[in-house]
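Okay, structure first, notes after.
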Amino acid sequence: MPKTWNLKIDNYFQANPNCIIATAHVDTFPTDLPLEPNIREPNRKSATYRQIFDSVTTQPEKFFSRHSGIVLSANKVKPNKSKTELELEVLEASEGGSDGIINGGHTVLAFEQAKTYKYDLTQARVKVTIHIGLVEDEAKDIALASNTTTPVDSRSKVNARGDYKFIKQYLAQLEIEEDRKFRIAYYQNQSGAPRNAQCNVTHLLKLLYCLDRNKYNPDSNKRTKHPAGMSIPSQISDTERERLTALLPLLTHALWIEQRLYELIQEHISNPKRKGVNDLASIDTRKNTLLPDSKYSFGFGAPTDLALPIIASYRVFLDPDYKWILPFNEFAEDFLQHLWTNYFRKYLISEKTAGNTVGTKISRNQEIWESLYISAQSYLNQYLVKMVNSGKKQEKLTLTSG
C-alpha cells in the first residue's frame with residue numbers, strides 16, 4: 001500500500017498538470033522520504049552538506065532565497081481544505097514506483113541534523129518542486145539533469161540510467177547459486193558499500209575487460225594489443241552490454257585469480273627475509289584491502305589495478321567464444337604460482353629496491369602486460385607438449401600390453 005507524507009506549506013501553485021511548486025516549512029519537513037530516484041546518497045563529510053547545514057542553522061529566515069530548493073516525485077498530491085498542507089502519496093521501488101527525493105538529499109539530511117541538534121527552524125522555508133506520476137525513466141532523467149553543487153561521478157550516472165542492471169541481476173543469481181555475498185558500490189556515497197576501490201563496480205568491469213581475448217589480442221593487427229590504460233565507458237551501449245554479458249561467466253574466475261594473488265602477497269609479507277621489512281613495491285602494510293567477495297579481506301593496501309595484468313594473461317587460455325581451452329581448475333593455480341614466482345614477485349621487489357612505486361601506473365605499463373602474455377603463451381605451449389607426450393606414452397603402453 002502506498003505511503004503518505006504531509007508537507008506543511010505557506011502557498012503553492014500548479015506549474016503544469018503534473019507539477020506543483022510550493023513554499024514548505026523546514027521545521028516539519030519529512031526527513032524520511034525515500035531517496036530512490038536520487039543518483040547518489042548524501043554525504044555528511046561533503047562541503048555541500050556543510051554549507052547547507054550552516055545556512056539553515058545560522059540564518060534560517062534567509063534560507064529560501066539562498067537555496068535552489070528540493071525536487072520530489074510523488075504518485076499523487078492532494079492539498080487539504082485550508083491549503084496549508086500537501087499530502088504526498090509515494091510509491092517506492094518495492095511497489096513498482098520511483099518516488100521520493102529526486103534532488104536535494106543533502107538538504108533533507110541537513111534538516112534532519114538541525115532538528116536533532118534542536119535548532120529553531122520555524123522561520124526557515126524551502127522551495128519544493130513536486131513532479132506527479134513519473135515513471136522510473138522520467139524520474140532518473142530529471143535526477144541526471146538536476147543541477148548539483150558538487151560533481152556526480154560517471155559511475156552514479158551510469159547506475160541511474162539502469163545500465164548496471166544486468167550486472168546486478170547476474171551477481172544476485174551468483175550469490176544464490178554459490179552461497180556468497182558481494183559488496184559492490186554502484187553509485188556515489190552508497191550506504192552499506194565500502195569505499196575500497198576494489199569494491200567499485202568499475203573494478204568488476206575492468207576484471208572482465210582483461211579477459212576479452214577478442215578485443216585485446218596481440219596476434220591481431222588491432223592497435224589495442226593489451227587492456228593497458230583501459231577506460232570505462234560513461235554509457236553502456238547495447239553492443240557493449242552484449243559483449244559484457246558474454247564475458248560475465250568469466251567473472252568468478254577473474255575474482256578467484258585476484259583473491260589468490262592477494263593471498264600469495266599476504267603469505268610473502270607475513271614471512272619476510274628480514275623481520276619487519278616489506279620488499280614489495282606499493283604494498284602498504286599499514287592499510288587494509290577488501291575484495292568484492294565479502295569473504296576476503298587482507299591486512300595490506302594495494303593498488304587497485306595490481307591484479308589486472310595477471311588476470312589478462314589468462315586470456316591466452318580462452319577461445320573466441322570465451323570458453324577455456326583447458327579446464328580452469330586444472331591449470332589456474334599452477335599457472336598463477338608460475339607467474340608469481342618467475343616474474344611478478346621479482347618485478348615488485350625490483351621496483352621497491354629502485355625506490356619506485358607501482359601504483360596505478362601498472363595498468364599503463366605495456367611491458368608488464370606483454371611480458372606476462374608471452375609467459376602465458378610459453379606456459380600453454382609447454383602444457384600442451386606435456387599432454388601430447390603423455391598421450392604418446394599411454395598409446396605406447398597400450399600397444400605393448402596388447
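State the label only: which of (i) 1.16; (ii) 1.11; (iii) 0.99 corresponds to Rg/Rh (Cα atoms, Kirkwood Rh) computed from the shown model?
From the options (i) 1.16; (ii) 1.11; (iii) 0.99, the structure gives (ii).
Counting only DSSP beta bridges with both residues in the chain, tell me the antiparallel percent, nearest 5.
Numbers: 31 of 37 bridges.
Among the beta bridges of the chain, antiparallel pairing accounts for roughly 85 percent.
Would you mind checking the tilt of helix 136-145 against the longest principal axis of the Cα atoms of the chain, expressed as 0 to 90 degrees and rounded to 10?
The two axes meet at around 90 degrees.
What dipole magnitude, in Debye to the nearest 20, does region 271-330 give about its Cα centre under +1 on Lys/Arg Cβ and -1 on Asp/Glu Cβ?
Values: 8 positive and 7 negative charges, 95 e Å.
Value, rounded to 20: 460 debye.
Which residue, ILE257, ILE269, ILE311, has the most motion in a Gaussian network model of the chain that connects Cα atoms within less than 10 Å?
Checking each option, the largest mean-square fluctuation is seen for ILE269.
Quick one: helix 366-401 against the long Cα principal axis of the chain, what's the angle to the nearest 10°, folded into 0 to 90?
Roughly 50 degrees between the two axes.
In terms of Cα to Cα distance under 25 Å, which lysines are near enough to LYS222, apart from those fewer than 8 places away along the same chain?
LYS206, LYS323, LYS361
Give the residue list of trypsin sites (Lys or Arg not before Pro) in region 176-221 that are DSSP loop and have at most 13 other beta-carbon atoms within 10 angstrom.
Qualifying residues, ordered by number: LYS181, ARG195.
In terms of solvent-accessible area of protein heavy atoms at a 1.4 angstrom probe, what is the ranking of GLU258, GLU263, highest value first? Don't skip to the end; give the middle numbers.
Values: GLU258 0, GLU263 50 Å².
The residues order as GLU263, GLU258, largest area first.
Take SER297 and ASP319, extend 7 Å from each Cα along the Cα→Cβ direction, and tell me the distance between the two endpoints in nm.
In this crude label model, SER297 to ASP319 measures out at 4.3 nm.
Taking the alpha-carbon distance from LYS118 and a cut-off under 20 Å, which aspartates and glutamates remain once sequence neighbours fewer than 8 residues away in the same chain are dropped?
Here the aspartates and glutamates satisfying the reach criterion relative to LYS118 are ASP27, ASP32, ASP54, GLU61.
What residue among ASN75, ASN389, ASN381 has the largest mean-square fluctuation in a Gaussian network model of the chain, using Cα springs under 10 Å?
For the chain, modelled as a Gaussian network with Cα springs under 10 Å, the answer is ASN389.
Considering the chain as a Gaussian network with a 10 Å cut-off on Cα pairs, which listed residue, VAL108, VAL26, VAL385, attains the greatest mean-square fluctuation?
Sorting by GNM fluctuation, first place goes to VAL385.
Between Rg and the Kirkwood Rh of region 319-387, both from Cα atoms, what is the Rg to Rh ratio?
1.04
Helix-only estimate, please: 222 nm mean residue ellipticity of the chain, summing -39500 (n - 2.57) across DSSP H runs of length 4 or more and dividing by its residues, to the nearest 500. Let's see the in-between values first.
Numbers: 13 runs with 162 residues, N = 402.
It comes out at -12500 deg cm²/dmol, rounded to the nearest 500.
Cut-off under 21 Å on the C-alpha distance; same-chain residues fewer than 8 positions from LYS83 excluded. Which lysines are left, in chain and number order?
Correct list for LYS83: LYS3, LYS8, LYS127.
The values are calculated or read from the model by the stated rules, or taken from the named source; none is laboratory data. All values reported here derive from a predicted model rather than from experimental measurement. Cβ atoms come from the backbone with ideal geometry, glycine included; neighbour counts cover every protein chain shown. Ligands, DNA and RNA are excluded from the accessible area calculation, which covers all protein heavy atoms including side chains. Shrake-Rupley method; radii C 1.70, N 1.55, O 1.52, S 1.80 Å.
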